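The block underneath contains the structure these notes are about, expressed in structure tokens.
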Amino acid sequence: MAYQEMSAKVDELIPLRDVVFKKLRRAILLEELKAGERLTEIRLADRLGVSRTPIREAMRKLELEGLVVMVPRRGAVVAKISEKNLRDVLEIRRVLDMLCARLACERMSEEAKEKLNTACQDFEEAVKSGDLRDVAQKDVALHNIIIEATGNLTLQQMLDNLAEQMYRYRVKYLKDDSQYQTLSREHRAICKSIMSGDQETAVRLAKEHIDNQETAIIRQLRAETV
């Protein structure tokens, strides 16, 4: 694990417990802290250069997010991604993304269309660089433009609530760079259908986009348990 990147730099405007939480959360999402890895307060406090109190507080928040679980006689460990949890989350995300695609076809402004086209290009450039974090960020940015174009604040809030769990799955998926070209094609097709107002195609492609991610991630999870 890249502990050297995890030192908790103090920001006077942010409570130390939140700094520690973000550092640990990021390490889990990027799999610098591996699923099943034991998290000991003393070790983390030493590595991050803080006391055990903010570590303990961060652990509670991570447990609430489902990123950490408490195991008898082992203590806190990084939660594993289960097929059941993955399917549950993507089941909801699939329906919401399909709705977003439909509404975006109806409501996307010309300015938003330009932003979406640029986002597709930005994602393709990130893919060429091969930088996992940049690819993930550009992927999120592209989907956010579609979500915001719906103009539905309740829908946006529901997707925000799923965003953290989705990010972990997204990173898992994007670690396999053989998927990048497929993703680029899917993004381009979705963007084209939305910008042209083709609701039927946009909804179908949004569903297929999630279906393909689910299949790929489950394949990865099963390969890891062999």
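The values are calculated or read from the model by the stated rules, or taken from the named source; none is laboratory data. These figures come from a predicted structure and were not determined experimentally. Using ideal geometry, Cβ is built from the backbone for each residue, glycine included, and neighbour counts are taken over all protein chains shown. Note: areas computed on protein heavy atoms with side chains; ligands, DNA, RNA excluded. Shrake-Rupley method; radii C 1.70, N 1.55, O 1.52, S 1.80 Å.
Would you confirm whether or not the range 171-187 contains a residue that is farther than 28 Å from ARG26 by Cβ, in a helix (DSSP H, G or I) and among the basic types (Lys, Arg)? Explain how you work it out, then say what you get.
Residues of the range 171-187 that are farther than 28 Å from ARG26 by Cβ, as a first pass: 185.
Still in the running and in a helix (DSSP H, G or I): 185.
Checking which are among the basic types (Lys, Arg) leaves us with 185.
Taking every residue of the range 171-187 in turn, at least one turns out to be farther than 28 Å from ARG26 by Cβ, in a helix (DSSP H, G or I) and among the basic types (Lys, Arg).
Suppose we filter the range 27-45 for residues that are open to solvent by less than 90 Å² (accessible area, probe 1.4 Å) and either at positive phi or among the hydrophobic types (A, V, I, L, M, F, W, C) (or both); how many remain?
Our first condition is that a residue be open to solvent by less than 90 Å² (accessible area, probe 1.4 Å); within the range 27-45, this holds for 27-33, 35-37, 39-41, 44-45.
Narrowing further to those that are either at positive phi or among the hydrophobic types (A, V, I, L, M, F, W, C) (or both): 27-31, 33, 35-36, 39, 44-45.
Residues that pass the stated criteria total 11.
Would you confirm whether or not the range 85-98 contains a residue that is modelled with pLDDT under 90 and among the charged types (D, E, K, R)?
No: the range 85-98 contains no residue that is modelled with pLDDT under 90 and among the charged types (D, E, K, R).
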Suppose we filter the range 176-189 for residues that are touching a residue at least 24 places away in the same chain (Cβ under 8 Å) and exposed (fewer than 15 other Cβ atoms within 10 Å of the Cβ); how many remain?
4
Just wondering, is there one or more residues in the range 200-207 that are among the acidic types (Asp, Glu), touching a residue at least 12 places away in the same chain (Cβ under 8 Å) and out of contact with any Asp or Glu (no Cβ under 7 Å at 6 or more places or on another chain)?
no
I'm checking my understanding of the structure. Among residues of the range 196-226 that are out of contact with any helix residue (DSSP H, G or I) (no Cβ under 7 Å at 6 or more places or on another chain) and of a type in the set (A, V, I, L, M, F, W, C), which one is surrounded by the most Cβ atoms within 10 Å (Cβ to Cβ)?
ALA223
Answer with yes or no whether LEU24 is at pLDDT below 95, open to solvent by less than 20 Å² (accessible area, probe 1.4 Å) and outside any helix (DSSP H, G or I).
no
Quick test of your reading of the structure: SER193 fulfils all but one of (1) hydroxyl-bearing (Ser, Thr, Tyr); (2) open to solvent by 20 Å² or more (accessible area, probe 1.4 Å); (3) more than 17 Å from ASP139 (Cβ to Cβ). Name the failing condition by number.
(2)
